[in-house]
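Below is one structure; the comments refer to it alone.
The values are calculated or read from the model by the stated rules, or taken from the named source; none is laboratory data. Since the model is a prediction, treat every value here as computed from it, not as a measurement. Here the Cβ positions follow ideal geometry from the backbone for every residue, glycine too, while neighbour counts run over all protein chains shown. All accessible areas refer to the heavy atoms of the entire protein, side chains included, with ligands and DNA or RNA removed. Shrake-Rupley method; radii C 1.70, N 1.55, O 1.52, S 1.80 Å.
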Amino acid sequence: MEPYELTGSEGRPGATVFSSPHSGAHYPDDFLRSSQLDPLTLRSSEDAFVHRLFASAPRHGAPLLSANYARAYVDLNRAASELDPALIDVPRRPGLNPRVAAGLGVIPRVVAEGRAIRSGRIPLATAQDRLDRVYHPYHIALGHLLEAARLREGAALLIDCHSMPRGALRHRDRNAAPRPQIVLGDRFGTACAPWITDLAQDAFTRAGFVVARNMPFAGGYITETYGRPSQGFHALQIEIDRSLYMDERRIRPLPGFDALRARLAPVIATLATALDVRRQLAAE
């Protein structure tokens, strides 16, 4: 199994790249045999079908890079150094970050709701093999796509595509604004130019979605790492409420899946051409 699928842009490529690092659904046989969870529970961490929601991006000149391997196998939205000593034979270090301590390192120890994937630990060599075969190839491909876009267009925009469980917002204040269906994460304005987040919010709102910014998801490792506006690289994370398009318990698309994809199409077109349009307007 290849580590990722890359759908190239149709026609002339632009400045935007779409990435779906958590929609992979491949679970190697040895991984399944070693797990104490049933296959459906293992899938609870997937951003299932997200790559299909954004499949129209290449029509607008934006390549779509999507993971093949499951997030429970290796999490592409973590640093390669985020190794969990409770799972992997590595020395314990002081100041372990909260994600790793919770079992959500680059090689996850748990899936959604803290359910342990396996009992016992794995050798460091096993973890390194996953990184070498899956993690590093994905990030090399993503880096090359963004660098090529920046060299060609003068700037690059990464749209990092994710989905959020409906339950992720269960503790939200009921007296607050309506529950968001879309959460835009720009690391509180540090990962991309503010006008890009403004443009995305406006596009989603015009498409009929309730939109929030940075709460509760401000963007993870990918957004933080690849979003360097001062160097011409912009990154924006998008989280979509899973209950809009899938049965979260059965992990199946809802009957309205295609209708939602149609609602997203103009938003995707806007984001795919955002930097190009901005540059053309500046030149007039």
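Projected onto its three principal axes, the C-alpha set of segment 90-210 covers 50, 47, 26 Å, listed from the longest axis down. Taking springs between alpha-carbon atoms closer than 10 angstrom, which of Asp258, Asp30, Asp247 fluctuates most in the Gaussian network model of the chain? Highest fluctuation of the listed residues: Asp30. Look at the Cα gyration tensor of segment 89-139: its axes a ≥ b ≥ c give a/c under 1.5, and that counts as rounded. Rounded to a whole number, what % of the accessible area of the chain do carbon and sulfur atoms account for, probe 1.4 Å? C and S atoms contribute 53 percent here. Under a model in which nothing but the beta-carbon of Lys, Arg (+1) and Asp, Glu (-1) is charged, the chain shows a dipole of about 600 debye around its Cα centre.
A Cβ-based charge dipole, computed about the Cα centre of segment 40-176 with Lys and Arg at +1 and Asp and Glu at -1, lands at about 400 debye. A simple rule links phi to the HN-Hα coupling: the Karplus curve 6.51 cos²θ - 1.76 cosθ + 1.60 with θ = phi - 60°, which for segment 6-18 gives 10, 9, x, 5, 8, x, 6, x, x, 9, 9, 10, 9 Hz, with x for Gly and Pro.
Using only Cα atoms, tell me the angle between helix 274-283 and the longest principal axis of the chain; keep it within 0 to 90° and round to the nearest 10. It works out to around 30 degrees.
GNM on the chain, alpha-carbon springs under 10 angstrom: the most fluctuating residue among Leu40, Leu145, Leu271 is Leu40. A crude spin-label estimate for the pair Leu96 and Ala262, with each label 7 Å from Cα along the Cβ direction, gives 5.0 nm. Solvent-accessible area per residue in segment 47-176 equals 44 Å², computed with a 1.4 angstrom probe and all protein chains kept. Ellipticity at 222 nm from helices only: DSSP H runs of n ≥ 4 in the chain, each -39500 (n - 2.57), divided by the residue count, give -8500 deg cm²/dmol. Simple rule: put +1 on each Lys or Arg Cβ and -1 on each Asp or Glu Cβ in the chain, find the dipole, and look at Gly103, Ala127, Tyr27; the Cα lying farthest toward the positive end is Gly103. When the Gaussian network model of the chain links Cα atoms closer than 10 Å, the mean-square fluctuations of Gly167, Gly227, Gly14 top out at Gly167. Ordering Ser45, His136, Ile222 by Cα displacement along the dipole of the chain toward the positive end leaves Ser45 in first place; charges were set at the Cβ atoms of Lys, Arg (+1) and Asp, Glu (-1).
Karplus-derived 3J(HN,Hα) values for segment 182-197, using 6.51 cos²θ - 1.76 cosθ + 1.60 with θ = phi - 60°, are 10, 10, 9, x, 10, 6, 6, x, 9, 9, 7, 4, x, 5, 5, 5 Hz; glycine and proline are entered as x.
Magnitude of the Cβ-charge dipole of segment 189-284, K/R +1 and D/E -1, about the Cα centre, nearest 20 debye? Value, rounded to 20: 200 debye. For segment 139-233, a Kirkwood radius taken over Cα pairs fed into Stokes-Einstein (4 °C, viscosity 1.567 mPa s) yields D = 89 µm²/s. Backbone phi angles across segment 47-61, fed through the Karplus curve with coefficients 6.51, -1.76 and 1.60 (θ = phi - 60°), yield HN-Hα couplings of 8, 4, 6, 4, 4, 6, 5, 9, 5, 7, 3, x, 5, 10, x Hz in residue order; Gly and Pro are listed as x. The candidate values were (i) 62, 43, 36; (ii) 51, 45, 35; (iii) 88, 42, 33; the one computed from these coordinates for Cα extents along the principal axes in Å carries the label (i).
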